[in-house]
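To keep things clear, I will list the structure first and then write my remarks on it.
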Amino acid sequence: MNHITHKILSKLGFRLYKKPFLPKGVDWLWDIYRLTQHQPPSVFMDVGANQGQTALAIHAQFPSAIIHSFEPIESTFSQIKQNTSHVPQIVPVNKAVGEVSGKVQFQLYQSTSLLNRVATQEEISRGNYLEEVEMISLREYCKQMGITRVDVLKTDAQGYDVSVLNFTRCRATVYSIYFC
């Protein structure tokens, strides 16, 4: 880009960077890449994967990594399967993640799947737009899959993230997490 274009963009409040010079905190995947250049992450957990957007971005940055993408809602899960079917390194998992394994009710929002979440007792008693889903703890999932190391855990669990993270009290006996 020429000098005039840079000057105009600067006056409008924009800055252009070549990727290697991006400030830290702008692109989380690039930050992880910079920190792990000599040993790139090989196992990602994508909790709250929605339609697979993040899994595909992870794959673009780390093409050899295995990405376990958890999406509990059946209709959204079918979309992630379709969107990521061409990438064998992405493992879609049709389960919610929490402290313990079992069944749980999810409150569904018809306007957008981005708001679906574990239902409160009040929402369960009303019974509107609920879906029963299987929940698994990360500890249990890692045991089942033989995973002993998780390099990156990304969670977007609509207010349920603390429950997702409560596996950490058991991590030493099961696996290690390097970025969360």
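The values are calculated or read from the model by the stated rules, or taken from the named source; none is laboratory data. As the structure is a computational prediction, the values presented were derived from the model and not from experiment. Don't worry about glycine lacking a Cβ; one is built from the backbone with ideal geometry, like all the others, and counts go over all protein chains shown.
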- Message: Take residue 146 and tell me if it is modelled with pLDDT under 70 and either over 15 Å from residue 48 (Cβ atoms) or surrounded by fewer than 19 Cβ atoms within 10 Å (Cβ to Cβ) (or both).
- Response: no
- Out of all the residues in segment 53-80, which are of a type in the set (D, E, K, R) and buried (at least 16 other Cβ atoms within 10 Å of the Cβ)? 71
- Say whether the condition of being out of contact with any Phe, Trp or Tyr (no Cβ under 6 Å at 6 or more places or on another chain) and either on the phi > 0 side of the Ramachandran plot or in a helix (DSSP H, G or I) (or both) is met by at least one residue in segment 90-99. no
- Note on the structure: Heads up, the helices (runs of 4 or more DSSP H) in segment 1-81 (entirely inside) with at least 2 residues that are modelled with pLDDT of 90 or more are 53-61
- Using beta carbons and a limit of 9 Å, which pairs, at least six apart or on different chains, have the first residue in segment 58-72 and without any contact (Cβ under 8 Å) to a residue 60 or more places away in the chain and of a type in the set (D, E, K, R) and the second one surrounded by fewer than 21 Cβ atoms within 10 Å (Cβ to Cβ) and in a loop (DSSP other than H, G, I, E, B)? 71/51; 71/94; 71/95
